[in-house]
1. Please indicate, with yes or no, whether at least one residue in segment 84-94 is under 18 Å from Gly106 (Cα atoms), open to solvent by less than 50 Å² (accessible area, probe 1.4 Å), of a type in the set (Gly, Ala, Ser) and modelled with pLDDT of 95 or more.
2. Tally up the residues in segment 34-49 that are open to solvent by 50 Å² or more (accessible area, probe 1.4 Å) and closer than 16 Å to Thr103 by Cα, please.
3. What residue, of Ala60, Ala54, Ala31, is within 23 Å of Thr90 (Cβ to Cβ), of a type outside the set (Val, Ile, Thr) and at pLDDT 95 or above?
4. Residues of segment 2-16 being more than 13 Å from Tyr79 (Cα to Cα) and either surrounded by 13 or more Cβ atoms within 10 Å (Cβ to Cβ) or in contact with a strand residue (DSSP E or B) (Cβ under 8 Å, 6 or more places away or on another chain) (or both), which ones?
5. From the list Thr57, Thr77, Thr68, Thr112, exactly one residue is buried (at least 17 other Cβ atoms within 10 Å of the Cβ) and touching a residue at least 12 places away in the same chain (Cβ under 8 Å). Which is it?
Amino acid sequence: QVQLVESGGGLVQPGGSLRLSCTASGIFFSASHMSWYRQVPGKQREVVAFIASAGTTTYADSVKGRWTISRDNAKNTVYLQMYSLKPEDTAVYYCKSRSGLNTYWGQGTQVTVSS
(Lines give C-alpha, C1' and ligand atoms only; values in the text may rest on other atoms or scores of the structure.)
Protein backbone atom coordinates (compact mmCIF):
# COMPACT_ATOMS: atom_id res chain seq x y z
CA GLN A 1 0.00 0.00 0.00
CA VAL A 2 1.35 3.38 -1.03
CA GLN A 3 1.34 6.18 1.50
CA LEU A 4 2.71 9.69 1.36
CA VAL A 5 2.37 11.46 4.69
CA GLU A 6 3.04 15.19 4.97
CA SER A 7 3.82 16.94 8.23
CA GLY A 8 5.22 20.21 9.47
CA GLY A 9 2.47 22.61 8.54
CA GLY A 10 1.00 25.15 10.90
CA LEU A 11 0.52 28.81 11.67
CA VAL A 12 3.48 31.12 11.23
CA GLN A 13 3.94 34.88 11.15
CA PRO A 14 4.97 36.68 7.98
CA GLY A 15 8.73 36.45 7.57
CA GLY A 16 8.87 33.20 9.49
CA SER A 17 9.94 29.77 8.37
CA LEU A 18 8.62 26.22 8.33
CA ARG A 19 9.93 22.89 7.17
CA LEU A 20 7.50 20.45 5.59
CA SER A 21 8.25 16.75 5.44
CA CYS A 22 6.74 14.03 3.30
CA THR A 23 7.54 10.44 4.14
CA ALA A 24 6.71 7.79 1.61
CA SER A 25 6.10 4.08 1.90
CA GLY A 26 5.22 1.46 -0.65
CA ILE A 27 7.13 3.13 -3.48
CA PHE A 28 10.64 2.87 -4.82
CA PHE A 29 11.48 6.24 -3.34
CA SER A 30 15.01 6.73 -4.63
CA ALA A 31 13.76 6.19 -8.19
CA SER A 32 10.83 8.57 -7.80
CA HIS A 33 10.65 12.22 -8.77
CA MET A 34 9.12 14.20 -5.92
CA SER A 35 7.23 17.47 -5.98
CA TRP A 36 5.53 19.87 -3.62
CA TYR A 37 2.29 21.49 -4.71
CA ARG A 38 -0.04 23.91 -3.01
CA GLN A 39 -3.68 24.76 -3.37
CA VAL A 40 -5.95 27.48 -2.10
CA PRO A 41 -9.74 27.24 -2.24
CA GLY A 42 -11.10 28.08 -5.64
CA LYS A 43 -7.75 27.82 -7.39
CA GLN A 44 -5.88 25.12 -9.23
CA ARG A 45 -3.22 23.15 -7.48
CA GLU A 46 0.17 24.55 -8.46
CA VAL A 47 3.63 23.08 -8.27
CA VAL A 48 6.08 25.02 -6.13
CA ALA A 49 9.14 22.77 -6.09
CA PHE A 50 10.42 19.64 -7.78
CA ILE A 51 13.32 17.33 -7.13
CA ALA A 52 14.24 14.62 -9.57
CA SER A 53 15.39 11.19 -8.53
CA ALA A 54 18.91 12.30 -9.46
CA GLY A 55 18.61 15.40 -7.29
CA THR A 56 18.01 18.14 -9.85
CA THR A 57 15.67 20.82 -8.49
CA THR A 58 13.34 23.41 -9.96
CA TYR A 59 11.14 26.01 -8.32
CA ALA A 60 8.18 28.19 -9.12
CA ASP A 61 9.17 31.81 -9.58
CA SER A 62 7.06 32.76 -6.58
CA VAL A 63 9.24 30.75 -4.18
CA LYS A 64 12.63 30.77 -5.92
CA GLY A 65 15.33 32.03 -3.61
CA ARG A 66 13.15 31.64 -0.53
CA TRP A 67 12.57 27.88 -0.36
CA THR A 68 14.60 24.73 -0.73
CA ILE A 69 13.49 21.24 -1.65
CA SER A 70 15.66 18.32 -0.62
CA ARG A 71 15.40 14.60 -0.21
CA ASP A 72 16.81 11.90 2.04
CA ASN A 73 16.54 8.60 0.23
CA ALA A 74 17.64 6.68 3.32
CA LYS A 75 14.55 8.00 5.11
CA ASN A 76 12.20 7.95 2.11
CA THR A 77 11.51 11.59 2.86
CA VAL A 78 11.34 14.79 0.88
CA TYR A 79 11.52 18.17 2.58
CA LEU A 80 10.44 21.69 1.76
CA GLN A 81 12.29 24.30 3.77
CA MET A 82 10.34 27.53 3.56
CA TYR A 83 11.86 30.86 4.57
CA SER A 84 10.54 34.42 4.39
CA LEU A 85 6.96 33.23 4.37
CA LYS A 86 4.29 35.60 3.07
CA PRO A 87 0.52 35.66 3.61
CA GLU A 88 0.09 34.62 -0.02
CA ASP A 89 1.92 31.38 0.77
CA THR A 90 -1.10 30.31 2.80
CA ALA A 91 -2.39 27.08 1.28
CA VAL A 92 -2.68 23.35 1.70
CA TYR A 93 0.61 21.79 0.67
CA TYR A 94 0.75 18.40 -0.97
CA CYS A 95 3.62 16.17 -1.93
CA LYS A 96 3.54 14.06 -5.04
CA SER A 97 5.65 11.17 -6.21
CA ARG A 98 6.05 10.12 -9.80
CA SER A 99 7.80 7.10 -11.19
CA GLY A 100 7.04 6.02 -14.71
CA LEU A 101 3.26 6.07 -15.09
CA ASN A 102 2.63 5.90 -11.36
CA THR A 103 1.68 9.09 -9.54
CA TYR A 104 0.73 9.32 -5.88
CA TRP A 105 -0.37 12.18 -3.65
CA GLY A 106 -0.27 12.82 0.04
CA GLN A 107 -3.24 14.08 2.03
CA GLY A 108 -1.90 17.60 2.43
CA THR A 109 -0.82 19.81 5.30
CA GLN A 110 -2.13 23.30 5.98
CA VAL A 111 0.24 26.24 6.08
CA THR A 112 -1.17 29.54 7.30
CA VAL A 113 0.91 32.70 7.24
CA SER A 114 -0.72 35.39 9.32
CA SER A 115 0.05 37.89 12.04
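The values are calculated or read from the model by the stated rules, or taken from the named source; none is laboratory data. Everything numeric in this text was worked out from a predicted model, so none of it was measured. No Cβ is skipped: glycine too gets one built from the backbone with ideal geometry, and neighbour counts run over all protein chains shown. Note: areas computed on protein heavy atoms with side chains; ligands, DNA, RNA excluded. Shrake-Rupley method; radii C 1.70, N 1.55, O 1.52, S 1.80 Å.
1. Scanning segment 84-94 turns up at least one residue that is under 18 Å from Gly106 (Cα atoms), open to solvent by less than 50 Å² (accessible area, probe 1.4 Å), of a type in the set (Gly, Ala, Ser) and modelled with pLDDT of 95 or more.
2. Result for segment 34-49: 3.
3. Working: Ala54 fails: within 23 Å of Thr90 (Cβ to Cβ); Ala31 fails: within 23 Å of Thr90 (Cβ to Cβ).
Within the list Ala60, Ala54, Ala31, the selection yields Ala60.
4. So the first thing to find is which residues in segment 2-16 are more than 13 Å from Tyr79 (Cα to Cα), and the list is 2-3, 10-16.
Across segment 2-16, the qualifying residues are Val2, Gln3, Gly10, Leu11, Val12, Gln13, Pro14, Gly16.
5. Working: Thr57 fails: buried (at least 17 other Cβ atoms within 10 Å of the Cβ); Thr68 fails: buried (at least 17 other Cβ atoms within 10 Å of the Cβ); Thr112 fails: buried (at least 17 other Cβ atoms within 10 Å of the Cβ).
Criteria check complete, one pass: Thr77.
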